[in-house]
Amino acid sequence: MLMRPRRLRRTAAMRAMVRETRLCPSMLVYPIFIREGRGIVEDISAMPGQKRYSPDTLPEVLERVTKAGVDNVLLFGLPEHKDERGSGAYAEDGVVQQALREGKKRFPEMLFIADVCMCEYTSHGHCGVLKGGAGSSNPDLTVDNDPTIELLAQTAVSQARAGADVVAPSDMMDGRVGAIRAALDAAGLEDTAILSYAVKYASAFYGPFREAAGSAPAFGDRRSYQMDPRNAREAMRELALDLEEGADMVMVKPGLPYLDILRAVKEKSPVPVGSYCVSGEYSMIKAAAANGWLDEERTVCEVATCLVRAGADILITYHAPELAGWIREGKL
Ligand code: PBG
């Protein structure tokens, strides 16, 4: 007898009934760039359709996003002033802290995730403080792990005080999840959750983000703290450490090139797993669509479906508002 899997593909109703992967808008997170200033809504040239907002214009985008069906946002800050120690990251009136206060006041039902990192705030663009360098007699330009995690912990506390429901450390320093958990608890912020960028690779796909956030390193690269794309077993080690240190949720980043890692993390993780479909993945689709080479809607729906099939419980994507619409229209 000839086996006929095509019977289950015959009609749209049949295909819908037997689908193995289903998406819903509540799993989507939309990243937003906040810059200092007033009245600003500014295009990001490397990411067509994405913009930078000042804290006072943030409510406009939150309104649009929540109307589209996305209630979870991830905030990145671009300070006016950068320095060696990234002091804008943990300033009580820092740009993300201002945005969180404004956003939480206007949209208390939305979930605010704050990215915790120093690269947008340091004059040298690295994700932590340097051992030596400008103004110091020490010529060592490597990122100094332990002083950095103290500053990251301070950053997380100030963001949580400003209204962040979740803090998301993206720096890849060792021990930062534990340091952040301890600092939050000591500040009486035990309800603030940690979404750890547990498995973050040193990826070329972050290119457009670095233009968007003005965070390209002034020298060198991030390979002494972010993971080597060649390594898979090491991802399990990062996962285990972050879980041990108290991560409430974990993330794999980037998205599409790391499906194997996402699946492996999902199999081992007792906590929700996120996938971050990063700036370069967004811009590639935008560029191809602008040239008529790819159908944007179909491509984005396929990518999102594949990330969820591979294991994502949470999907962080610049296409979140459009995806929510397409999900509601039954496109995926
Ligand atoms: C900060 C950070 C980066 C991204 C998220 N958090 C950039 C980097 O590590 O260089 C990338 C996000 C994206 O490309 O969309 N460390």
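Which condition does Pro108 not pass, out of (1) away from the ligand (no atom under 15 Å from the Cβ); (2) touching a Pro at 6+ places or on another chain (Cβ under 9 Å); (3) within 26 Å of Thr57 (Cα to Cα), if it passes all the others? Just one mismatch for Pro108, condition (2).
Looking at the stretch 68-89, which of its residues are under 18 Å from Thr148 (Cα atoms), part of a loop (DSSP other than H, G, I, E, B) and within 15 Å of the ligand (Cβ to nearest atom)? Across the stretch 68-89, the qualifying residues are Lys82, Gly86. In the stretch 1-27, of all residues being of a type in the set (S, T, N, Q) and in contact (Cβ under 8 Å) with a residue 40 or more places away in the chain, the one that is nearest to Ala312 (Cα to Cα) corresponds to Thr21. Scanning the stretch 211-229 for residues that are crowded, with 17+ Cβ neighbours inside 10 Å and either under 17 Å from Cys277 (Cα atoms) or near the ligand (Cβ under 7 Å from one of its atoms) (or both) turns up Ala212, Ala213, Ser215, Arg222, Gln226, Met227. Of the residues making up the stretch 259-281, those that are within 13 Å of the ligand (Cβ to nearest atom) and within 11 Å of Ala312 (Cβ to Cβ) are Gly274, Ser275, Tyr276, Cys277.
Against the test of being under 18 Å from Ser203 (Cα atoms) and either surrounded by fewer than 17 Cβ atoms within 10 Å (Cβ to Cβ) or not basic (Lys, Arg) (or both), the options Gly280, Gly292, Gly325 yield a single qualifying residue, Gly280. Go through the residues of the stretch 8-25 one by one and say whether even a single one is within 16 Å of the ligand (Cβ to nearest atom) and either part of a loop (DSSP other than H, G, I, E, B) or under 25 Å from Pro208 (Cβ atoms) (or both). No: the stretch 8-25 contains no residue that is within 16 Å of the ligand (Cβ to nearest atom) and either part of a loop (DSSP other than H, G, I, E, B) or under 25 Å from Pro208 (Cβ atoms) (or both). Among the residues of the stretch 188-204, not a single one is surrounded by 15 or more Cβ atoms within 10 Å (Cβ to Cβ) and in a helix (DSSP H, G or I). Can you confirm whether the stretch 236-252 contains a residue that is surrounded by 17 or more Cβ atoms within 10 Å (Cβ to Cβ), within 12 Å of the ligand (Cβ to nearest atom) and assigned to a helix (DSSP H, G or I)? Looking for residues that are surrounded by 17 or more Cβ atoms within 10 Å (Cβ to Cβ), within 12 Å of the ligand (Cβ to nearest atom) and assigned to a helix (DSSP H, G or I), one finds none in the stretch 236-252, hence no.
A short reminder: the numbers here are calculations on the coordinates, not readings from a lab. Values in this document were obtained by computation on a predicted structure and should not be read as measured data. Note that each Cβ is placed from the backbone with ideal geometry, even for glycine, and that neighbours are counted across all protein chains shown.
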